[in-house]
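In what follows, a single structure is set out as structure tokens and then discussed.
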Amino acid sequence: MMMRVLSILCFLGIAAASSTARADTDAVVFSGDANAPDAKIAMTAAATRLRAANWQVVDGVPVFNQKETAAFLQCLSSVEPSGCVSGLMRPKKLRRVAVLSLSDERNPDGSVLRVVTVSLAFPDSKSFPVDRGFCDHCVADVLGSTTTTLVSELLNRAAVESEHTALKVSSVPAGAGVVVDNEPAGATNVTMYIAPGPHTVEVTLEGYKPELRKIEGVEGQTAEVSIVLQKQSGSVAPNPALSTAAAVRDTRNQTPTLAYVAMGLGGAAIVSGGVLLLLNKPPVDAPRSQNQPRVYRETLVPGVALLAGGVAVGIGGYIWWRHTKSSTAPVVAPIPGGALAGVSGTF
């Protein structure tokens, strides 16, 4: 009697353990002949990479029979696969399924190009990431590495799309470029979703030293990177107040030059007007018995005009020059934390 009770308890314990283990099971499903040599190479590579990502893949235990596999693949290709996929995964108590397939295409030179297709499925997920990799001259090691790379990219994409792990990058000053894992990721301050695991974050801004940080993304948490950028040697940030004052000085420096030009033009006009007045020869009525002059230089009117204009321009330039020598102007310039007010001019 005692032996029978113990046998029943052992059976129930094994069944319970089997049920618990099965509830945490993940699977790799191959579309096609899974016993082919290339299929085994690709599935081994995929399973190894998935286990590194904490998938509980069981070898030698087919999850779906041939009919169920065909139904599962048909679900993935349907317009709304979510409900269909969940209906096939839940009875098997599967958390995640990776679907792997191999096909051949021809290169222009006639050689065979092996195409590796991998998709990931999760219950109740609205999207199922899928990607293809191409294996040229596909010997065993190349096929394995192609499959591993493809699975890694899909795992990262699925982790980002799940929106369970985030990264927040901020800097002082803000507006610096952010590069995550050698990929541009916007400018500070920025928050983004990432895959769990190690990442490198680079922050760069012109005039400042680039900063590099290594972080570890943890599922369900937000990793934060906060950096105070350091100026590069020899790089000085412009002061708004000094820039405004310099602009005023430049304007003042240009103004006397224009005044000098005006006075010079006025002087030249006065000289030209005086010359024309000296050259003026009005018409002369000589007796008919004498030879009449053939040319008359009537320069009185233009001479007077030039003389008057030159005087006006010269006096105007002089007054302008005198004004700029002692003129002042109010200056208001924004500075960090307030403004700078004062008077700027040439004295």
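The values are calculated or read from the model by the stated rules, or taken from the named source; none is laboratory data. Worth saying up front: this structure is predicted, and the values here are computed from it rather than measured. Every residue, glycine among them, receives a Cβ derived from its backbone with ideal geometry; neighbour counts consider all protein chains shown.
Please go through (1) buried (at least 17 other Cβ atoms within 10 Å of the Cβ); (2) touching a helix residue (DSSP H, G or I) at 6+ places or on another chain (Cβ under 6 Å) for W55 and return the number of the only condition it doesn't satisfy.
For W55, the exception is condition (2).
In this structure, is R114 among the basic types (K, R), assigned to a helix (DSSP H, G or I) and surrounded by 13 or more Cβ atoms within 10 Å (Cβ to Cβ)? Working first, answer last.
Working: among the basic types (K, R): yes; assigned to a helix (DSSP H, G or I): no; surrounded by 13 or more Cβ atoms within 10 Å (Cβ to Cβ): yes.
In short, no.
Pairs under 6 Å by beta carbon, first residue modelled with pLDDT of 85 or more in region 32-59, partner aromatic (F, W, Y), six or more apart or different chains?
That search, which allows pairs on different chains as well, returns A39/F30; M43/F30.
Which of the numbered conditions does P129 fail, given that it passes all the others? Conditions: (1) under 37 Å from the mean Cα position of the chain (by Cα); (2) more than 26 Å from G197 (Cβ to Cβ); (3) modelled with pLDDT of 80 or more.
(2)
Taking into account only those residues within region 246-274 that are surrounded by 14 or more Cβ atoms within 10 Å (Cβ to Cβ) and hydrophobic (A, V, I, L, M, F, W, C), which is modelled with the lowest pLDDT?
Within region 246-274, the match that is modelled with the lowest pLDDT is V248.
Looking only at strands (runs of 3 or more DSSP E) that fall completely inside region 126-218, which ones have 3 or more residues that are exposed (fewer than 15 other Cβ atoms within 10 Å of the Cβ) and assigned by TED's automatic domain parsing to the domain that holds V115? Outline the logic, then answer.
Numbers: elements: 130-136, 166-172, 177-180, 183-187, 190-193, 197-204, 211-217.
The strands (runs of 3 or more DSSP E) meeting that bar are 130-136.
Checking P123 against (1) closer than 22 Å to G144 by Cβ; (2) in a loop (DSSP other than H, G, I, E, B): exactly one of these is not met. Which one?
It fails just one condition, (1).
Give the number of residues within region 26-43 that are polar (S, T, N, Q) and surrounded by fewer than 15 Cβ atoms within 10 Å (Cβ to Cβ). Walk me through how you get there before you give the answer.
Let us first name the residues in region 26-43 that are polar (S, T, N, Q), namely 31, 35.
Keeping just the survivors that are surrounded by fewer than 15 Cβ atoms within 10 Å (Cβ to Cβ) gives 35.
Selection size over region 26-43: 1.
Every residue in region 58-91 that is more than 21 Å from A39 (Cα to Cα) and surrounded by 15 or more Cβ atoms within 10 Å (Cβ to Cβ), please.
C75, P81, S82, C84, V85, S86, L88, M89, listed by residue number.
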